[in-house]
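Encoded as structure tokens, the structure appears first; notes follow it.
The values are calculated or read from the model by the stated rules, or taken from the named source; none is laboratory data. These figures come from a predicted structure and were not determined experimentally. Positions of Cβ are backbone-derived with ideal geometry, glycine not excepted, and every protein chain shown enters the neighbour counts.
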């Protein structure tokens, strides 16, 4: 029988493969060393190859797709229910194969090399900033032991450390001053490294039409636009903007039963980094609206989108309004990428049924 679906449990050194025919009967189950993977799939007739969307899966998806196979990536949480016995590589590969054959299974779109590289820049920048902030907090804590208090905020640390090192009136020993100066120099290096990485992200942004398009959305900057485009991959993989919001984890978590609908806080599934950028961007919009209102601006002069945000702010907590705007931005960005539309702050959505009745 011809093999139609192969489940692959990836690892660093040894892969487990599980192949079945059209009826779901097992045709092979074996281990492959990493050096044998390409040779094995080159000899295998084109079929569906399923893997968990985890480390190195996008790389292998590109390699196997080039050999003519249809590669499908599945989120690990969707594979776990199909593991029949205790967890091991063979059981995982069989579960991946079974999950891939389900008609209602949802798959992850493989990312290109460029998309992965952009997200790697984001990860490096985020890591540099976390290391810098951790270093600043460590310096504040150590100096407090000597009775020297520095206010919260990276700006205060940058300003005070040189003054403290040069101040001969405090009780700091000379060797500690040398160590503090070295730590301060390290903090400046991390600042410079993060700025360099951000500059590289901006260069890619200037070359990406999709990223430039969604940057025009209020509350979406260069970082969130590039992260959105690089993380999403293909907008066509989502059936609607609501599915895109669910992927980001910014829709309500549901716990419904017996016909009673119960919605909780946001699910927080998906990409935490992207969700954080979008919510912070929404908070900046809310802060800007508050400043404009305090300066005496007439709300009637605001566009349709801004008036909607003001309405939510009047009814709900500012944090809820920020999440609501971030949710709206995710859906707007999806629609722009899926349909090739430009951002329109006063756009009015029309359902397909209403559009057909208007045409009639």
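Against the definition (in contact (Cβ under 8 Å) with a residue 60 or more places away in the chain, crowded, with 17+ Cβ neighbours inside 10 Å and closer than 17 Å to residue 328 by Cα), how does residue 230 come out, yes or no?
no
Condition check ((1) under 26 Å from residue 124 (Cβ atoms); (2) modelled with pLDDT of 90 or more) across all residues:
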{"position": "206", "(1), (2)": "yes, yes"}
{"position": "210", "(1), (2)": "yes, yes"}
{"position": "223", "(1), (2)": "yes, yes"}
{"position": "229", "(1), (2)": "yes, yes"}
{"position": "247", "(1), (2)": "yes, no"}
{"position": "251", "(1), (2)": "no, no"}
{"position": "256", "(1), (2)": "no, no"}
{"position": "259", "(1), (2)": "no, no"}
{"position": "265", "(1), (2)": "no, no"}
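Given the residues 181, 186, 212, which is the only one that is part of a helix (DSSP H, G or I) and touching a residue at least 24 places away in the same chain (Cβ under 8 Å)?
186
I'm checking my understanding of the structure. Among residues of the stretch 38-58 that are in contact with a strand residue (DSSP E or B) (Cβ under 9 Å, 6 or more places away or on another chain), touching a residue at least 24 places away in the same chain (Cβ under 8 Å) and farther than 24 Å from residue 234 by Cα, which one is surrounded by the most Cβ atoms within 10 Å (Cβ to Cβ)?
41
Only one of 161, 217 is free of Cβ contacts under 8 Å to residues at least 40 places away in the same chain and either assigned by TED's automatic domain parsing to the domain that holds residue 74 or buried (at least 20 other Cβ atoms within 10 Å of the Cβ) (or both). Can you tell me which?
161
Which of the following residues is surrounded by 11 or more Cβ atoms within 10 Å (Cβ to Cβ), within 30 Å of residue 52 (Cα to Cα) and touching a residue at least 60 places away in the same chain (Cβ under 8 Å): 125, 132?
125
Which fully enclosed strands (runs of 3 or more DSSP E) of the stretch 24-89 have 3 or more residues being at pLDDT below 95 and farther than 22 Å from residue 108 by Cα?
Fully inside the stretch 24-89 and qualifying: 26-33.
I need a count of the residues in the stretch 314-348 that are modelled with pLDDT of 85 or more, surrounded by 12 or more Cβ atoms within 10 Å (Cβ to Cβ) and more than 26 Å from the chain's Cα centre (by Cα).
1
Just the residues that are exposed (fewer than 12 other Cβ atoms within 10 Å of the Cβ) and part of a helix (DSSP H, G or I), please, taken from the stretch 143-156.
144, 155
If we keep just the residues of the stretch 12-37 that are surrounded by 15 or more Cβ atoms within 10 Å (Cβ to Cβ) and under 31 Å from the mean Cα position of the chain (by Cα), which is nearest to residue 65 (Cα to Cα)?
Restricting to residues being surrounded by 15 or more Cβ atoms within 10 Å (Cβ to Cβ) and under 31 Å from the mean Cα position of the chain (by Cα), the top hit is 37.
I need the full set of residues from the stretch 253-283 which are in a strand (DSSP E or B) and surrounded by 14 or more Cβ atoms within 10 Å (Cβ to Cβ), in order please.
266
Residues that are more than 26 Å from residue 273 (Cβ to Cβ), outside the structural domain of residue 273 (by TED's automatic domain parsing) and surrounded by 12 or more Cβ atoms within 10 Å (Cβ to Cβ): does the stretch 182-191 have at least one?
Yes: the stretch 182-191 contains one or more residues that are more than 26 Å from residue 273 (Cβ to Cβ), outside the structural domain of residue 273 (by TED's automatic domain parsing) and surrounded by 12 or more Cβ atoms within 10 Å (Cβ to Cβ).
In the stretch 234-247, is there at least one residue being out of contact with any helix residue (DSSP H, G or I) (no Cβ under 6 Å at 6 or more places or on another chain), assigned to a helix (DSSP H, G or I), closer than 18 Å to residue 322 by Cα and touching a residue at least 40 places away in the same chain (Cβ under 8 Å)?
yes
So residue 140 ticks every box in (1) outside the structural domain of residue 54 (by TED's automatic domain parsing); (2) within 19 Å of the chain's Cα centre (by Cα); (3) part of a helix (DSSP H, G or I) but one. Which box is left unticked?
Only one criterion in (1) outside the structural domain of residue 54 (by TED's automatic domain parsing); (2) within 19 Å of the chain's Cα centre (by Cα); (3) part of a helix (DSSP H, G or I) is unmet by residue 140, namely (2).
Tell me yes or no: at least one residue of the stretch 97-104 is more than 23 Å from residue 231 (Cβ to Cβ), in contact with a helix residue (DSSP H, G or I) (Cβ under 6 Å, 6 or more places away or on another chain) and surrounded by 17 or more Cβ atoms within 10 Å (Cβ to Cβ). Before you say what the answer is, go through the steps one by one.
Of the stretch 97-104, the ones more than 23 Å from residue 231 (Cβ to Cβ) are 97-98, 101-104.
Applying the additional criterion that residues be in contact with a helix residue (DSSP H, G or I) (Cβ under 6 Å, 6 or more places away or on another chain) yields 98.
From what's left, surrounded by 17 or more Cβ atoms within 10 Å (Cβ to Cβ): 98.
Yes: the stretch 97-104 contains one or more residues that are more than 23 Å from residue 231 (Cβ to Cβ), in contact with a helix residue (DSSP H, G or I) (Cβ under 6 Å, 6 or more places away or on another chain) and surrounded by 17 or more Cβ atoms within 10 Å (Cβ to Cβ).
So which residues in the stretch 63-94 are out of contact with any strand residue (DSSP E or B) (no Cβ under 7 Å at 6 or more places or on another chain) and touching a residue at least 24 places away in the same chain (Cβ under 8 Å)?
Of everything in the stretch 63-94, those that are out of contact with any strand residue (DSSP E or B) (no Cβ under 7 Å at 6 or more places or on another chain) and touching a residue at least 24 places away in the same chain (Cβ under 8 Å) turn out to be 63, 67, 78.
Mind telling me which of the residues 282, 227 ends up being within 14 Å of the chain's Cα centre (by Cα) and farther than 18 Å from residue 75 by Cβ?
Step by step, each of 282, 227 is checked, and only 227 is within 14 Å of the chain's Cα centre (by Cα) and farther than 18 Å from residue 75 by Cβ.
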